[in-house]
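Asks: Encoded as structure tokens, here's the structure I'll be asking about.
The values are calculated or read from the model by the stated rules, or taken from the named source; none is laboratory data. As the structure is a prediction and not an experimental result, all values here were calculated from the model. With ideal geometry, Cβ positions are generated from the backbone for all residues, glycine too; neighbour counts draw on all protein chains shown.
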Amino acid sequence: MADDHDTTGQEKVWTEFKDAVNMTASTLETFLETQESRSVGQKSSEGAESTGHAEGRRIVTILRKTKSELDEEDFAHMRKVVGYVHRHLKQGGPKDADKMKDSPWRLSLMNWGHDPMKD
């Protein structure tokens, strides 16, 4: 059973995750099926699934759960996603919208559930 401190921490993670992940489960799932999604990210070997692509599939699973269904593993993963999105956004990408659209920077973020072109 979580104590009040854990609940407060989970509330913060929930809020940060909802802010960082601005794509719906279905939008992210559709994106993950594209060649663009598969073309970016670190891979352990040629032809392997990228880390970000695998993360995206896990994010879809989390997005499809209700808050009460989330467990400690989910919250730990949500913290990881928030950290990645914040770090990647700080790195910055192309300022020009046309260049940003298909940039590896944007596509990588989208694998993690964040579309920087969406407000």
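Asks: Suppose we keep only residues that are among the acidic types (Asp, Glu) and assigned to a helix (DSSP H, G or I) within the stretch 26-45. Which one would you say is farthest from the chain's Cα centre (by Cα)?
Replies: 36
Asks: Sticking with this structure for a sec: Of everything in the stretch 1-16 that's of a type in the set (Asp, Glu) and modelled with pLDDT of 90 or more, which residue is nearest to residue 87 (Cα to Cα)?
Replies: 16
Asks: Identify, from the list 90, 67, the residue that is within 19 Å of residue 117 (Cβ to Cβ), surrounded by fewer than 12 Cβ atoms within 10 Å (Cβ to Cβ) and not hydroxyl-bearing (Ser, Thr, Tyr).
Replies: 90
Asks: Moving to a separate point now. Do you know which residues across the stretch 75-91 are without any contact (Cβ under 8 Å) to a residue 12 or more places away in the chain and either of a type in the set (S, T, N, Q) or more than 20 Å from residue 37 (Cβ to Cβ) (or both)?
Replies: Of everything in the stretch 75-91, those that are without any contact (Cβ under 8 Å) to a residue 12 or more places away in the chain and either of a type in the set (S, T, N, Q) or more than 20 Å from residue 37 (Cβ to Cβ) (or both) turn out to be 76, 83, 90.
Asks: Here are some conditions: (1) closer than 20 Å to residue 10 by Cβ; (2) touching a helix residue (DSSP H, G or I) at 6+ places or on another chain (Cβ under 6 Å). Residue 73 meets all but one. Which one does it not meet?
Replies: For residue 73, the failing item is (2).
Asks: Follow-up question, since we're still on this one. Give me the pairs, please: first residue somewhere in the stretch 31-43 and of a type in the set (Val, Ile, Thr), second residue anywhere and buried (at least 16 other Cβ atoms within 10 Å of the Cβ) and not in a helix (DSSP H, G or I), beta-carbon distance under 8 Å, and either six or more positions apart or on two chains.
Replies: Filtered contacts from the stretch 31-43: 40/50.
Asks: Ok, one more. Among the residues of the stretch 92-109, write down those that are more than 16 Å from residue 56 (Cβ to Cβ) and among the charged types (D, E, K, R).
Replies: Once the filter is applied, which keeps residues that are more than 16 Å from residue 56 (Cβ to Cβ) and among the charged types (D, E, K, R), the stretch 92-109 yields 95, 96, 98, 99, 101, 102.
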